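The values are calculated or read from the model by the stated rules, or taken from the named source; none is laboratory data. Predicted model only: the values in this text are computed from it and were never measured. FYI the Cβ positions are ideal-geometry reconstructions off the backbone, even for glycines, and counts take in every protein chain you see. To get the accessible areas, we keep the full protein, side chains included, count just its heavy atoms, and leave off ligands, DNA and RNA. Shrake-Rupley method; radii C 1.70, N 1.55, O 1.52, S 1.80 Å.
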Amino acid sequence: MIAALLLLADATPTLAVPPAVFADATISGAAPTLSWPRGTRLSVGEADGEIVARFDRPLPPRAIEGFRVAAGDALEDLRWNDDSLVLRAAPGWDMRWRRSPDTLTVEFAPPPVVVTASPEDPGALEADVALVEAEAAAGYPGRARRRAAALAATRREDRRLARLASDTALADGDLFHAADGYRALAADDPVARRALATAPGTVAASIVARDGGDLSQVEAGARADVAIDARWSVGAGLRHVATRIADTDDAGSTVVDASVGIALEGAARLQVLLSSAIDSDVTGGGARLTAGSAEAQLRAIVVFHMPDFSTGVQALRGGHLSRAGAGGTYRLSPDWVVQADTGWNRYGLDGANDAADTIVLAGGVDYLLRRGSPSVGIGYRVEAEYVRRLARDALGVALIPLATRENHTVQGVVSGSMGAVQLTGQAGYTVDRFGGDGPTAGIGVNAPIGDGWRIDGGGGVTSVSRPGFSGTQVYGRAQVTRGLGRGR
């Protein structure tokens, strides 16, 4: 992840615990040492066999790397951000530390020695809280949530821990339980009010437009999603897709969508899907499964005969798609995230259910260069579809004119906030191994309005070829969402 750590000025170090995150490292003598600029407020503690440091001034990545090198095989894990750091020794190693006003020295030696802090020790509690904050800031919301929930369960009267548990539930995507926690605390800050407004459900109106090559499409729709309880949710929507092909043919299709969501054990969720195109009587369904939090997630999808208008001929002749796929995302470290998905697609038309078969692949690697606002990252993406079979008519013409494509994109991403408004921009370059290349760039905005409203939008240019769209395309999207709750 990101350690874009800065140089610090002056302030006297103290044992008071500030917020959480990482430190800078140089080698001092035989033991690896993290050295902060003079005047840094530094506190250090232990929690669950890990050393947790909190400080008010970040340090450069080279210092962290120096500590890694000095520790060698003795270090199993090192996570940090701009104000906290967590490290853990490798199995079979003992870890002892010494703190001076602005340095932390860690000595590693086997065999392991287990030291347990008293649960009543205020320093141990602060270290536990710092560890939760560091996990969340370093991109591990699931791990942070589990730690926060365990802490809150041991001190049910502690409102700060209850709030921490709710905040980490929200970061982990569990809006329902986060809102329950905020309600129990009578929380009245903007974050809590927005969660309370959105938790019962949302209604949204959206529009998406794309133009490239001989095809242009505009899709407009409305959708409502309602949470029945902590486990069940339902949703329904209506959308209209307008397609223009080579400035000569126009087609329009109206689709009704419905879904039922079920929260399973752990962090798994199953969504049952149903869609029907009113104009062509094409109806299909399927299921989507996700398991795990953002730092380690598996996903799978199986759908059959779902309305699909990816290509011009599908828009004209009642197109549909069947798909089976699986993939996952894994955070290798606070800096690195990898993801990959693969699957099988079958494209069909009214009267031709097996017009084309393809294998699809999507994946990427992201590296965070700087944390904070703005955050800066770089990434690589591959997005490919390999045609395995094309059905043809009596004249030998493919029923759906698909071509194999393999897009490779390198891009930079910058994200920052202006008050509550989040802005994201990305720019890069795409090369298709089977022909074609060009720029890829876009900007997005997410703006909460009051407690219950939110506006999302964006647009740009992309050279990632896709079914029906070859070469460079321009696109735009906008969505207005309203929470169904009161926000209090």
Q: Compute the separation of the alpha-carbon centres of the stretch 222-264 and the stretch 390-404 and state it in Å as a whole number.
A: 29
Q | Solvent-accessible heavy-atom area per residue, rounded to whole Å², over the chain at 1.4 Å | A | 47
(Q) Can you give me the long-range amide H partners of GLU46? Hydrogens built in the peptide plane at 1.01 Å from N, cutoff under 5 Å, separation of 5 or more residues or another chain. (A) VAL52
Q. How high is the FRET efficiency from ALA391 to ALA109, r the C-beta distance, R0 56 Å, rounded to 0.05?
A. 0.25
Q) At what distance in angstrom do the alpha carbon centres of the stretch 36-107 and the stretch 319-353 lie from each other? A) 40
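Please find the FRET efficiency linking VAL365 to HIS240, where r is the Cβ-Cβ separation and R0 is fixed at 25 Å, and quote it to the nearest 0.05.
Numbers: r = 37 Å, r/R0 = 1.49.
With R0 = 25 Å, the Cβ-Cβ based efficiency is 0.10.
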Q: Would you mind computing, in nm to one decimal, how far apart the modelled labels at ALA478 and ASP247 are, each placed 7 Å from Cα along Cα→Cβ?
A: 2.6
Q: Quick one: pull the percent of accessible area on the stretch 145-293 belonging to carbon and sulfur, 1.4 Å probe, ligands and nucleic acids left out.
A: 58
Q: Any chance you could give the angle, 0 to 90 degrees and rounded to 10, that helix 141-154 forms with the longest Cα principal axis of the chain?
A: 50
(Q) Can you compute the charge dipole magnitude of the chain about its Cα centre, using +1 on each Lys and Arg Cβ and -1 on each Asp and Glu Cβ, nothing else charged? Give it in debye, rounded to the nearest 20. (A) 420
Q. How big is the stretch 224-381 on each of its three principal axes, counting only the C-alpha atoms and giving the largest first in Å?
A. 50, 41, 30
Q) Just the Cα atoms of the chain, one point each, no solvent: what log10 I(q)/I(0) does Debye give at q = 0.07 Å⁻¹? A) -0.47
Q: Tell me the label-point distance for the pair SER100, VAL69, using the 7 Å Cα-to-Cβ offset, in nm and rounded to one decimal.
A: 2.1
Q) Hey, what angle do you get for helix 159-171 against the long axis of the chain, alpha-carbon based, 0 to 90 degrees rounded to 10? A) 30
Q: Be a star and scan the stretch 203-224 for residues whose amide nitrogen sits under 19 Å from the point 7 Å along the Cα-to-Cβ vector of ALA398.
A: 212-216
**Q.** Cut-off under 5 Å, modelled amide H: who pairs with VAL282 long-range
**A.** ALA277
**Q.** Added length on full extension, which subtracts the Cα-Cα distance from 0.36 nm per residue, VAL410 to ILE228
**A.** 61.3 nm
Q. Roughly speaking, what is the stretch gain from TRP344 to ALA326, that is 0.36 nm per residue apart minus the C-alpha to C-alpha distance, in nm to one decimal?
A. 5.5 nm
Q.
For the chain, what does the helix formula give at 222 nm: sum of -39500 (n - 2.57) over DSSP H segments with n ≥ 4, over the residue count, nearest 500 deg cm²/dmol?
A. -5000 deg cm²/dmol
Q | Estimated inter-spin distance, ASP456 and ARG183, nm [label 7 Å along Cα→Cβ] | A | 2.4
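If R₀ is 51 angstrom, what is the calculated FRET efficiency for the pair VAL218 and GLU157, using the beta carbon separation as r and rounding to 0.05?
Between VAL218 and GLU157 the formula returns 0.40.
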Q: Note the direction-averaged projected area, equal to a quarter of the hull surface, for the Cα convex hull of the stretch 174-316, in nm².
A: 10.6
Q. Hey, any idea what % of the stretch 401-488's accessible area is carbon plus sulfur with a 1.4 Å probe?
A. 62
**Q.** Long-range amide H partners of ASP56 with built H, under 5 Å
**A.** ARG41
